[in-house]
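J.: Provided herewith is a single structure, encoded as structure tokens, for subsequent inquiry.
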Amino acid sequence: MNLFDLTAAFFRWMGKVCIGAWHLCLDSVRLALHYWFITVPCIIIFFGAGYYYSRPLNRIYKAEAIVYLNGPLAEDVKQAFRPLEFSYRFFPNQEITAALNLTPDQADGLVKFETFEVIDFLNDSTADMVDYRHKHDVTDTINVVMPNVMCLRFRTKRPDNVPVVGEHILAYLNSNPSLQASFEKKRALQERKVQFCHDQLEKLDSLTSAFYFEQGGAAQAQMKWGNGMVLGRREIKLFTPEIMEFYNTTEHADRELAMCTAPVVAQQAFTTIPRALNGRLKCTLIALITGYILGCLIALALKRRKEIAEWYRKG
């Protein structure tokens, strides 16, 4: 079989699949119309359930924030965050209220807590994407997982409480003794680095001034031989590019120190994604399809009840 035959066989198979799907839809419509007294109640019941589940007071929203880690690694924060995930699964309200030091009203409507890794596409220390599906290849050496940046998310039915809950989540993480120990080491090293950079800048400024004004001209004379004569050209080489490069390094260290105020620092406050997970259109459409399929299955079972009873007796 050559490529043309293989392609033709594939399209013939696709045609049969489409024709089969079309006949299945027509048969299900005939079945639903014939047994309307079963399918219509199923559709109405599921539509009502979907409409009720998507009511405004029950709508669930996502709230998330990108956080920077000063000292702790992403895996350390995941371990500290894990009790919140387990508390939601087994003790939805009581444990969350105690762990985050929330009032019952503030903890009302909290649904789920999650952590996600942040991907750096070019390995240039810039956050490019959040791995929401947890499917990134950890062995990838180009699109790497950032060890000091991650995304925190929770779901809630009360979007008005998102800022307060977000602050309590950060306070909960920053009070962890293990994360605090890592932060203190990081802070001390960063302060030492900043002090070293500023001291070196002062020394470089004094050194270059002395070099330019005291010995720059004599030290940088370029000597050449030509036709038995000594030729000289006095030139002063500027060290500005090297100094500016080190100045940029110092500025980056200052920014890191300014951000190094706690083990976990949010880039910005937790923000709510305005689109609800259980929106009215989505829930009612899924409910209608589910009710229709379930009604057709019940109608098919009723239509073939004799065959099913015979199969059951043989078994």
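J.: Taking a cut-off of 25 Å between Cα atoms, list the lysines near Lys303, but don't count ones fewer than 8 places away on the same chain.
T.: Lys314
J.: On a full-extension model of 0.36 nm per residue, what is the gain between Gln268 and Ala181, subtracting their alpha-carbon distance, rounded to one decimal in nm? Working shown, then result.
T.: On the way: separation 87, 0.36 × 87 = 31.32 nm, distance 2.40 nm.
Result: 28.9 nm gained on full extension.
J.: How far apart, in nanometres, would the label points at Met259 and Asn123 be if each is projected 7 angstrom from Cα along the Cα-to-Cβ direction?
T.: Roughly 2.0 nm, to one decimal.
J.: Taking every pair of distinct Cα atoms and averaging 1/r, then inverting, what Kirkwood hydrodynamic radius in Å comes out for the range 2-104? Can you show the working numbers first?
T.: Details: mean 1/r = 0.0487 Å⁻¹.
It is 20.5 Å.
J.: So, one more: Using only the alpha carbons, work out the radius of gyration and Dmax of the chain in angstrom.
T.: Computed over the Cα atoms of the chain, radius of gyration and Dmax are 33.8, 119 Å.
J.: Treating each Cα of the range 236-276 as an identical point scatterer and ignoring solvent, apply the Debye formula and state log10 I(q)/I(0) at q = 0.15 Å⁻¹.
T.: -0.60
J.: Further question on the same structure: Amide H to amide H under 5 Å from Ile60: which residues, 5+ apart in sequence or cross-chain, H placed 1.01 Å off N in plane?
T.: Long-range HN contacts for Ile60: Leu277, Asn278.
J.: How large is ³J(HN,Hα) for each residue in the range 55-69, as worked out from phi by the Karplus curve 6.51 cos²θ - 1.76 cosθ + 1.60 (θ = phi - 60°), to whole Hz, x for Gly and Pro?
T.: Taking θ as phi minus 60°, the curve returns 4, x, 6, 10, 6, 10, 10, 8, 10, 8, 8, 8, 10, 9, 9 Hz for the range 55-69.
J.: While we're looking at this one, here's another question. Pop the C-beta distance of Tyr247 and Gln195 into the FRET formula with R0 = 22 Å and round what comes out to the nearest 0.05. All intermediate terms of the calculation are to be shown ahead of the outcome.
T.: Working: r = 15 Å, r/R0 = 0.70.
Calculated value: 0.90.
J.: Continuing with the same structure: How high is the FRET efficiency from Ala309 to Leu288, r the C-beta distance, R0 22 Å, rounded to 0.05? Walk me through the intermediate numbers first.
T.: Details: r = 31 Å, r/R0 = 1.42.
The pair Ala309/Leu288 has a calculated efficiency of 0.10.
J.: With an 8 Å cut-off on Cα pairs and a minimum separation of 6 or more residues, tell me the relative contact order of the range 1-126 in percent.
T.: Working: 31 pairs, mean separation 18.0, N = 126.
Normalised by residue count, the contact order of the range 1-126 is 14 percent.
J.: Cα-Cα over 19 Å: which of Lys78/Lys193; Lys16/Lys306; Lys78/Lys112; Lys112/Lys157; Lys135/Lys282; Lys135/Lys186?
T.: Flagged as over cut-off: Lys78/Lys193; Lys16/Lys306; Lys135/Lys282; Lys135/Lys186.
Any read-out appearing in this document is the output of simple, stated calculations on the displayed coordinates, not a laboratory observation. What you see is a predicted model; the values in this text were computed from it and never measured. Please note: Cβ atoms are built from the backbone with ideal geometry, for glycine as well, and neighbour counts cover all protein chains shown.
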